[in-house]
Amino acid sequence: MTPLVVGNWKMNLTAGEAIRLAGAIAREAPADTEIVLCPPAVWLVPVASQLAGSAVALGGQDCHQVGQGAHTGDIAARQLADAGCSHVILGHSERRANHGETDAQVAAKVSAAHDAGMVAIVCVGETADQRAGGDALPTVETQLRGSLPAGCDTGNTVVAYEPVWAIGTGAAASLDDIAAMHSHAGSVVSAHSDRLAGCRILYGGSVKPENSREILALDGVNGALVGGASLVAEDFLAIARAV
Ligand code: PGA
């Protein structure tokens, strides 16, 4: 299975910064790792030009569940695909927390992404309170069951386990907790659908050059979803090379 490293640039970078970062990553990307960059939507087209001719793919950070119409400020899956995206991040915890996205909405977006021919990167993860209460595994299980619609298979869907408390904090989950959750998530998705047996499961939450090698070496970790460290070319490339 080819490992996958995804850079989630979130709401960062000016046009010039985005173009320079994409160019640097496209020039230096290791050939044996699949890489996807997810810039802010407004920079998708100029970043796509930088990635043209390289093996680095382009992704969106969200899409609307409906194909087109009166949804001011939203972006349809087909528009992302038309801009050159092969992937889209869906159900990120910042979307779930800041925009009230439910599992059912995430599932509808995943179907829209599939209809547009894109791979959905479906994010799940527990909060600090849920982990402290012993509910990490059941929380992620419920999110997985609710967020993965019937059309999901190993070709069109990637899961990203991102504990909410580890995102942007500098403190990743422990290796034992990551391994336990990835093993559980792997069982849940295969029980949910035969077509998801062997689905790639990424870890996200404070992945950096210093911890990437040991996280990515864990059984059941098939790559990383990287936020902060994806904004610096050398850091992101170091993570991609650590796979
Ligand atoms: P982080 O973000 O690497 O900055 O923790 C990860 C993410 O939110 O996808």
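Quick look at the numbers
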{"read-out": "Efficiency of FRET from Cβ geometry, ASP194 and SER174, R₀ 30 Å, rounded to 0.05", "value": "0.40"}
{"read-out": "At least 24 Å along the helix axis (C-alpha) and Kyte average at least -1.0, DSSP helices within the chain", "value": "175-192"}
{"read-out": "Ellipticity estimate at 222 nm from DSSP helix runs (n ≥ 4, -39,500 (n - 2.57)) divided over the chain, nearest 500", "value": "-12000 deg cm²/dmol"}
{"read-out": "Choice from ILE19, ILE89, ILE121 showing the highest fluctuation, given a GNM over the chain with Cα pairs closer than 10 Å", "value": "ILE19"}
{"read-out": "Mean projected area in nm² (Cα convex hull; one quarter of hull surface) for segment 95-212", "value": "7.3 nm²"}
{"read-out": "The chain pair-distance distribution - Cα-Cα, 5 Å bins, rounded %", "value": "1, 7, 15, 20, 21, 18, 12, 5, 1, 0"}
{"read-out": "Virtual spin-label span in nm between SER49 and ARG213, 7 Å along Cα→Cβ", "value": "3.9 nm"}
{"read-out": "Most to least packed among 97-104, 166-173 [average Cβ atoms within 10 Å]", "value": "166-173, 97-104"}
{"read-out": "Accessible surface of segment 147-243 [probe 1.4 Å, protein heavy atoms]: carbon and sulfur percent", "value": "50 percent"}
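The values are calculated or read from the model by the stated rules, or taken from the named source; none is laboratory data. As the structure is a prediction and not an experimental result, all values here were calculated from the model. Please note: Cβ atoms are built from the backbone with ideal geometry, for glycine as well, and neighbour counts cover all protein chains shown. Side chains are part of the model used for accessible areas, which takes the heavy atoms of the whole protein and leaves out ligands, DNA and RNA. Shrake-Rupley method; radii C 1.70, N 1.55, O 1.52, S 1.80 Å.
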